[in-house]
1. Considering only residues that are of a type in the set (S, T, N, Q) and open to solvent by 50 Å² or more (accessible area, probe 1.4 Å), look in the stretch 43-57 and name the one that is farthest from the chain's Cα centre (by Cα).
2. Checking the condition buried (at least 24 other Cβ atoms within 10 Å of the Cβ), over 15 Å from Phe152 (Cα atoms) and either free of Cβ contacts under 8 Å to residues at least 24 places away in the same chain or not hydroxyl-bearing (Ser, Thr, Tyr) (or both), which residue from Gly97, Gly68 passes?
3. Applying the selection to the stretch 89-99, what residues are of a type in the set (A, V, I, L, M, F, W, C) and either closer than 13 Å to Val41 by Cβ or part of a loop (DSSP other than H, G, I, E, B) (or both)?
4. Given the structure, is Gly100 modelled with pLDDT under 95 and closer than 24 Å to Phe147 by Cα?
5. Do we have any residue at all in the stretch 100-123 that's open to solvent by less than 60 Å² (accessible area, probe 1.4 Å), touching a Phe, Trp or Tyr at 6+ places or on another chain (Cβ under 8 Å), assigned to a loop (DSSP other than H, G, I, E, B) and over 30 Å from Ala34 (Cβ atoms)?
6. Go through (1) over 22 Å from Gly123 (Cα atoms); (2) in contact with a helix residue (DSSP H, G or I) (Cβ under 6 Å, 6 or more places away or on another chain) and name the single condition Ala22 misses.
7. What is the one condition in (1) touching a residue at least 12 places away in the same chain (Cβ under 8 Å); (2) open to solvent by 10 Å² or more (accessible area, probe 1.4 Å); (3) not acidic (Asp, Glu) that Gly60 does not satisfy?
8. Cβ-Cβ under 9 Å, sequence separation 6+ or interchain: first residue in the stretch 113-132 and touching a residue at least 60 places away in the same chain (Cβ under 8 Å), partner among the small types (Gly, Ala, Ser) and open to solvent by less than 50 Å² (accessible area, probe 1.4 Å). Which pairs?
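The values are calculated or read from the model by the stated rules, or taken from the named source; none is laboratory data. Worth saying up front: this structure is predicted, and the values here are computed from it rather than measured. Here the Cβ positions follow ideal geometry from the backbone for every residue, glycine too, while neighbour counts run over all protein chains shown. Just the protein is used for accessible areas: all its heavy atoms, side chains included, with ligands, DNA and RNA removed. Shrake-Rupley method; radii C 1.70, N 1.55, O 1.52, S 1.80 Å.
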Amino acid sequence: MNLLDELRTHRLLAIVRGPDPAAALAAVLTLADAGVALIEVSLTGTDALGTIRRARAALGPGFGLGAGTVLSVDDARAAADAGATFLVTPALAPSLGEAGRLGLPVLAGALTPTEVVQAGSGGASAVKLFPASLGGPDYLGALRDPFPETAFVPVGGVDADGARRYLDRGAVAVGVGSPLLGDALKGGDPAALRERAAAFLTAVRP
């Protein structure tokens, strides 16, 4: 997949991370049905690889399903084997180089200007500005002055109002976890998750 094109088109990456694999899978499928086209399943969740495997089987080969918190070479290989079509890292990590060998695009975590440069030189398709809440939209704006061609995706503390502000400051997309998922990963009401998904999809609409 062309991750950068997908990020620019859909502008929202949902982040699923939880202790209950059944709830995580249900959340992924609900989000997909609600129109969220890019979903990351964090490897820090319980049986995350199993969740990716089952979600891939349900959603088909073309859906934008990735693995998050991918740090090691082994993580990258396991995520690819499970059916992830893109990887997300919280920082610069050995998984970045391995993703290139596997032919998988990466959204690589970075915070400082030095890390932004290293992410680009390491082959990242886009830079995950993390944790975005440390500097907010103003920090993104400051980074875009020296890096106008870099595709930034703020992650960390992004709510629906914040999503609009980040996009207005030049982000290509935003990554959202708990403000979107709410209690869905603890068996919460799927209808409420759909409502939150609709609110975020409206917030990121061009």
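1. Checking each candidate, the answer is Thr46.
2. Of Gly97, Gly68, the one residue that is buried (at least 24 other Cβ atoms within 10 Å of the Cβ), over 15 Å from Phe152 (Cα atoms) and either free of Cβ contacts under 8 Å to residues at least 24 places away in the same chain or not hydroxyl-bearing (Ser, Thr, Tyr) (or both) is Gly68.
3. Ala91, Leu92, Ala93
4. Values: modelled with pLDDT under 95: yes; closer than 24 Å to Phe147 by Cα: yes.
Yes.
5. Yes, that holds for at least one residue.
6. (2)
7. Result: Gly60 fails condition (1) only.
8. The qualifying pairs are Ser125/Ala108; Ser125/Ala151; Ala126/Ala108; Ala126/Ala119; Ala126/Ala151; Ala126/Ala173.
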